[in-house]
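Here the structure comes first, spelled out in structure tokens, and everything after it is commentary.
What follows is calculated from the coordinates using simple rules that are stated; it is not laboratory data. Only a predicted model underlies this, so the values are computations on that prediction, with no experimental measurement involved. Glycine also receives a Cβ, built like all others from the backbone with ideal geometry; neighbour counts cover every protein chain displayed.
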Ligand SMILES: Nc1nc2c(ncn2[C@@H]2O[C@H](COP(=O)(O)OP(=O)(O)OP(=O)(O)O)[C@@H](O)[C@H]2O)c(=O)[nH]1
Ligand SMILES: [Mg+2]
């Protein structure tokens, strides 16, 4: 039996994490939440909702949380690993479609892309995402329509070989960098982006973008 594990990095997402876990339960009971040093009730809520929860004592950022999550998924013997956000921006009902290319043996890693079909997205987010697609391509040589997507699926081989060195938002491009280095087979499937007032207020802005760009430049120059 193929074991599907869903990992959910979460930082101060007590309001939404319960719902996200409920949604994922339709597809697997193997749900791992990485509480990234939250100051709210993320940890308790995730536990009560039935997830296995790993907790960082300090806030490390998305890259740190994903690194812990992948390690945990391997320890828990996952065959297919899905990552999705805790803020409710991803629809768990898209998991089956996302993992299909992996189950069929056609891809090692699948990115859930918000840009394969037209859908509404605030203009500056669209622009920011396009910019990072371009930068990821220029730095690391792979063009994807959604380099910054938090919804992905990959197989055990990818989980075993991914080496995440970055701690923050630059991790999404770092993963794509490693797709090339390891020659993983990459595919994209369409996903919807759910923008609620909550996720928009919590989401990333211009300065995080600038910092992320700086980190990517360092990653490019140092490896
Ligand atoms: N902001 C932030 N998110 C974290 C951190 N650690 C883990 N996360 C989780 O990472 C996921 C993505 O975070 P978001 O801040 O929504 O970033 P994003 O979805 O890439 O950006 P937006 O499109 O602006 O929402 C969420 O599930 C967060 O809870 C952290 O240190 N900061
Ligand atoms: Mg978000």
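Divide the volume of the convex hull of the Cα atoms of the chain by its number of residues and quote the answer in cubic angstrom per residue.
Details: hull volume 25.3 nm³, N = 223.
Normalising the Cα hull of the chain by residue number yields 114 Å³.
Which residues in the stretch 90-106 place their backbone N less than 15 Å from a point set 7 Å from the Cα of residue 26 along the Cα-to-Cβ direction?
Within reach of a label on residue 26: 90-99.
Over the stretch 158-223, how many percent of alpha carbon pairs lie in each 5 Å bin up to the one with the longest distance?
Spelled out bin by bin, the stretch 158-223 gives 3, 14, 20, 19, 19, 16, 8, 1 percent.
For the stretch 4-222, give me the percentage of DSSP beta bridges that are antiparallel, rounded to the nearest 5 percent.
On the way: 7 of 25 bridges.
Here the share of antiparallel DSSP bridges comes out near 30 percent.
Give the order of 116, 75 when sorted by the count of other beta carbons within 10 angstrom, beginning with the fewest.
Listed from fewest to most nearby Cβ atoms, that is 75, 116.
Arrange the following residues from fewest to most other Cβ atoms within 10 Å of their Cβ: 40, 87. Please report the intermediate quantities before stating the final value.
Details: 40 15, 87 24.
Starting with the residue having the fewest Cβ neighbours, the order is 40, 87.
Cut-off 10 angstrom, C-alpha nodes, Gaussian network model of the chain. Which of 156, 168, 104 fluctuates the most?
Per the Cα network of the chain with a 10 Å cutoff, 104 tops the list.
Which one, 86, 72, 181, has the greatest fluctuation when you compute a Gaussian network model over the chain with C-alpha springs under 10 angstrom?
For the chain, modelled as a Gaussian network with Cα springs under 10 Å, the answer is 181.
Each label point is 7 Å from the Cα along the Cα-to-Cβ direction; what then is the distance between the points at residue 207 and residue 77, in nm?
It is 4.7 nm.
Sort 1, 151, 135, 121 so the one with the fewest other Cβ atoms within 10 Å of its own Cβ comes first. Show your work: numbers first, answer last.
Values: 1 4, 151 25, 135 17, 121 14.
Result, fewest neighbours first: 1, 121, 135, 151.
If you stretched the chain out fully between residue 222 and residue 3, how much longer would it get, using 0.36 nm times the residue separation minus the C-alpha to C-alpha distance?
75.2 nm
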